[in-house]
1. Kindly provide log₁₀ I(q)/I(0) values, in the same order as q = 0.11, 0.13, 0.14 Å⁻¹, from the Debye equation applied to equal alpha-carbon scatterers of the chain.
2. Subtracting the Cα-Cα distance from 0.36 nm times the residue separation, let me have the gained length for Asp136 to Lys247 in nm, one decimal.
3. Need the full-extension length gain, Met218 to Ala81, defined as separation in residues times 0.36 nm minus the C-alpha distance. One decimal, nm.
4. Leaving out same-chain residues fewer than 8 places away, which lysines sit with a Cα under 20 Å from that of Lys52?
5. Enter the Cα centre distance for the pair region 125-185 and region 27-81, rounded to the nearest angstrom.
6. By average Cβ neighbour count within 10 Å, what is the ranking of 254-263, 140-149 from highest down?
7. At a temperature of 4 °C and a viscosity of 1.567 mPa s, determine how fast region 140-186 diffuses translationally according to Stokes-Einstein, using the Kirkwood radius over alpha-carbon pairs as Rh; express D in µm²/s, rounded to the nearest whole number.
8. So, in nm, how far is label Lys147 from label Met43 when the simple model puts each one 7 Å beyond its Cα toward the Cβ?
Amino acid sequence: MKKYMDIDPGVKYALEQGEIVIALESTIIAHGMPFPQNVETAMAVEETVRSKGAVPATIGIIKGRIKVGLTAEEIEYLAKAENVVKVSRRDFPFVIAKKLDGATTVAGTMMVAHQAGVPLFVTGGIGGVHRGAAEDFDISADLEELKQTDVVVICAGVKSVLDIGSTLEYLETGGVPVITYGSDEFPAFYSRRSGFPAECRMDSPAEIAELIRTKAEMGLRGGMLVACPIPAEHEIDFETIDKTIQKALVECKEKGITGKRVTPFLLDRIKELTGGRSLEANIRLVINNAEVGGEIAAALVNI
């Protein structure tokens, strides 16, 4: 993969100097939010990471080259470009060979981050087991990547359009440590609560950094998930958002939407049904995740 990878000089220097670099994904830019909020959010997240003393590296693909550390101009290009491919593990050979533009998913970003030597990754929420997966076996590749790739993912939990309970069971089976930051209940993306108890609660970035260090020293393979509840002032209560999701799911099924097109459709429809409130919550939660990720990075440096 490194043959097709361009690492930004600032990111490369930070890695060489032993500074903590935090990876950021680009699906949120090309498929997760409308313009100009996608660009504004991407830049705000990068600035949040910098404010905590870490170095951001937004990852994407431009004309067949994997970019570790997109420039502001490249972020805007992906935000406006048409036919940007949503890139998970299986999509890399096609997108690279055809010299296409691509926005990396959680799984895709984890792959690139690991290859580049970037240990932490901040995102909005991970993919997981879809509702109704017993019928269509729709399970995100993000979960497989978490089982095998040594990157710590800081997020707001599983996207609430998914089956959170089944996703947590899948992660347990895969041996993926799941830490909930500062809460006894696993978060549900837009909401602080999901109905599922936190199996491992930690209340400080220093605690989490120590766990990361211990796992590495033990030589245990695979990723780790740190779930951060959305700030209370920005959440949408669980019952309200769940009813909205159920309506969007029915429409999705009626339209015959499947595969990797499901989540973008649902997020866009939920934004419409909530009058834009879900988009604002999404923006706030990813910035909050960046704050926590930056604090974990600072703690890692001090271990």
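Readers should treat all values here as calculations from the given coordinates under stated rules, not as data from a laboratory. The model shown is predicted, which means the values in this text are computed figures rather than measured ones. Every residue, glycine as well, gets a Cβ built from its backbone with ideal geometry; the counts of neighbours run over all protein chains shown.
1. -0.59, -0.86, -1.01
2. Numbers: separation 111, 0.36 × 111 = 39.96 nm, distance 1.90 nm.
Gain on stretching Asp136 to Lys247: 38.1 nm.
3. Values: separation 137, 0.36 × 137 = 49.32 nm, distance 4.36 nm.
Here the answer is 45.0 nm.
4. Within reach: Lys12.
5. Distance between centres, Cα-based: 24 Å.
6. Values: 254-263: 13.8, 140-149: 21.6.
Those peptides, ordered most packed to least, come out 140-149, 254-263.
7. Numbers: Rh = 11.4 Å.
Answer from the Stokes-Einstein relation: 113 µm²/s.
8. Taking the simple label geometry, Lys147 and Met43 are separated by 4.1 nm.
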